[in-house]
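Quick notes on the structure that follows.
The values are calculated or read from the model by the stated rules, or taken from the named source; none is laboratory data. All values derive from a computational prediction rather than experimental measurement. Positions of Cβ are backbone-derived with ideal geometry, glycine not excepted, and every protein chain shown enters the neighbour counts. SASA here: full protein model, heavy atoms, side chains in, ligands and nucleic acids out. Shrake-Rupley method; radii C 1.70, N 1.55, O 1.52, S 1.80 Å.
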Amino acid sequence: MSEPPSDVLYGVEHLHLSLPDLTRKPLLGPAPRIHILNDLSFTIRRGEVMGIVGGSGSGKSTLGRALVRLLEPTGGHVRFDGTDITHLGEGELRPLRRRFQMIFQDPMSSLNPRRTVGAIIEAPLALHGFDDIARRSAEALDQVGLPRSFARRFPHELSGGQRQRVGIARAIAMRPDFILADEIVSGLDVSSQAQVLNLLEGLVKDLGLTLAFISHDLSVIRRLCQRILVLHRGVIVEEAPSDQLFAAPQAEYTKELLAAIPLPDLDQVWA
Amino acid sequence: MTDRPFLEISQLTARLKGSGTPLLRSVDLAVPAGSVHGLVGESGAGKSMIGKAILGILPRSVEVATGAIRLDGTDLQSLPPAERRTRVGALTALIPQDPLTALNPSRRIGPQITDRLVDILGWDRARAVDRARQLLAEVQLPDPDRILRSYPHELSGGQRQRILIAAAFAAEPRLIIADEPTTALDVTVQKQILRLIREMQERHGTAMLFVTHDLGVVSKVCQSLSVLYAGKIVESARVEDFFRAPAHTYSRALLAASPRYTDPHGSLMPVPDEVMQAVRAEVAAFDEGRAAHV
């Protein structure tokens, strides 16, 4: 690390990302590009829980994937802990990958159905050359509140909430600095939603994690996040501390989103 | 409009063939004509199962053991299968959850709306196409003629769901079963679609069974609701009473677990273990009680 440690973990400047639109590719010549992210600039501070909210197609998942470099940006810069990772090659990224982990939306398709929970948590530990793998995986299970005996079970033997805990265990076992959580509670029942959110809230505090939490649900975001980015069609339309955003939303789109949420409350003016 | 409920389900019990695992436990339900009743519960609670039992599209592995499903006074379970199908086809319709899988990707929209009118209800094709055009206008889709010629992939999720709503209302059914019709949609589109469903339902005076896991949605579209756990109704109430004070502890916990951005500390509460144990014990006691009677 060339720079002294600052309180900024992620620095994003003028981030652009476009992909070729193969549905409109002419027979000869390059496909026209779809611009998914347009000139995004923001920072994520150490220890912060940042919410990223937007409708489908707003680019929130693409942004997340650019942060953990599952996608390579077409322009601008992404700095992780002082290192510019925008165009780093896979070899240079590998030592950094341990430090930014991801939890996926659908735990059924992000956990290998043929492997036990233990093997799922241990595989990335082995790849990154950790010692004492069995102990680390058992501890990760403890931390997400699953009995250690679950290490011998297969994903299909677990409930949705338990599977999502395995996804969290796999991420935290790596002792990362940063976790990207992409819509991780939207497939869960309300009762398990609350449990998984509480768990994540506790882990962020205990392990000193920095978290980017992507969701379409502003109610869930408010519960967890200190700061919120609102994305609409690949552009940041609003960035504000959580309380401020809910007390006085500035962007038209934020207002529209808030007004559309059906609250379980008969007094809400909704129609 | 009469006081007699249009849909009346009594003591409906369904189970898995072979193992006999109960899936619906003596469900009682009544939906008056022109009224919207919500079915709420977590995944696996059996809320969609009730809709499927009415429509007669239960999976092969599930059988209805006992109970009556009355549509406009006639018990469907007592009818021979062919007659049951005709009756259900004429009186009911379904708005499914996923507008993409519910539409055939290789056929144009037009015939997908009109086939049912022509093949099942015996309309002539020209009249059916007129009706489809008129309904597409009613669900506020611009340029109905273009839509009728389109394939599903050419349309957005919201447009596809509008088409399914139009298709559901096409034959003027008396009862519509809406199975999580907005779960796949963005919250802003969800609002438009829910308002549309409610407007259409009011205009046509259709009874509706609205399956959802979202109590927020229930508070916006339903007049009454039932809360299910493990195929058993733990509480049925009018919406005004329910949201003021849910009677059952499980319903209370479910309401407290629902997200509500206006109240970050009083919502999204985990369901306490005692509540889960209590409701499981209630279901177990019910099963024992039934076993004792047999």
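Worth a mention:
- For the condition more than 11 Å from chain B (Cβ to nearest Cβ), at pLDDT 95 or above and touching a Phe, Trp or Tyr at 6+ places or on another chain (Cβ under 9 Å), residue A:173 qualifies.
- Residue within region B:43-66 that is without any contact (Cβ under 8 Å) to a residue 24 or more places away in the chain, within 27 Å of residue B:251 (Cα to Cα) and assigned to a helix (DSSP H, G or I) present: yes
- Every condition in (1) open to solvent by 20 Å² or more (accessible area, probe 1.4 Å); (2) within 12 Å of chain B (Cβ to nearest Cβ); (3) modelled with pLDDT of 95 or more is met by residue A:228 except one, and the failing one is (1).
- Residue in region B:216-229 that is open to solvent by 30 Å² or more (accessible area, probe 1.4 Å) and polar (S, T, N, Q) present: yes
- Unique residue being under 30 Å from residue B:263 (Cα atoms) and charged (D, E, K, R) when the list is B:174, B:162, B:198: B:198
- Count of region A:73-99 residues, restricted to those that are of a type in the set (A, V, I, L, M, F, W, C) and either touching a Leu at 6+ places or on another chain (Cβ under 6 Å) or without any contact (Cβ under 8 Å) to a residue 60 or more places away in the chain (or both), is 4.
- Only one entry in B:236, B:267, B:226, B:258 is within 11 Å of chain A (Cβ to nearest Cβ), out of contact with any helix residue (DSSP H, G or I) (no Cβ under 6 Å at 6 or more places or on another chain) and among the small types (Gly, Ala, Ser), namely B:267.
- Options B:291, B:247; residue that is open to solvent by 50 Å² or more (accessible area, probe 1.4 Å), assigned to a helix (DSSP H, G or I), away from chain A (no Cβ under 11 Å) and more than 26 Å from residue B:95 (Cβ to Cβ): B:291
- Only residues that are surrounded by fewer than 20 Cβ atoms within 10 Å (Cβ to Cβ), basic (Lys, Arg) and free of Cβ contacts under 8 Å to residues at least 60 places away in the same chain were counted across region A:150-181, and they come to 2.
- Region B:74-122, subset basic (Lys, Arg) and outside any helix (DSSP H, G or I), residue most open to solvent (accessible area, probe 1.4 Å): B:108
- Lone unmet requirement of (1) more than 11 Å from chain A (Cβ to nearest Cβ); (2) touching a Phe, Trp or Tyr at 6+ places or on another chain (Cβ under 7 Å) for residue B:252: (2)
- All positions within region A:137-149 that are in contact with a Leu (Cβ under 8 Å, 6 or more places away or on another chain) and surrounded by fewer than 19 Cβ atoms within 10 Å (Cβ to Cβ): A:143, A:145, A:147, A:148
- Qualifying position, being open to solvent by less than 30 Å² (accessible area, probe 1.4 Å), over 26 Å from residue A:55 (Cβ atoms) and acidic (Asp, Glu), among B:180, B:235, B:240: B:235
- Top-ranked residue of region A:101-136 - restricted to ones that are buried (at least 21 other Cβ atoms within 10 Å of the Cβ) and in contact with a strand residue (DSSP E or B) (Cβ under 7 Å, 6 or more places away or on another chain), ranked as nearest to residue A:9 (Cα to Cα): A:101
- Screening residue A:71 against (1) open to solvent by less than 70 Å² (accessible area, probe 1.4 Å); (2) over 28 Å from residue A:223 (Cα atoms); (3) touching a Ser or Thr at 6+ places or on another chain (Cβ under 7 Å); (4) at pLDDT below 95 leaves a single unmet condition, (4).
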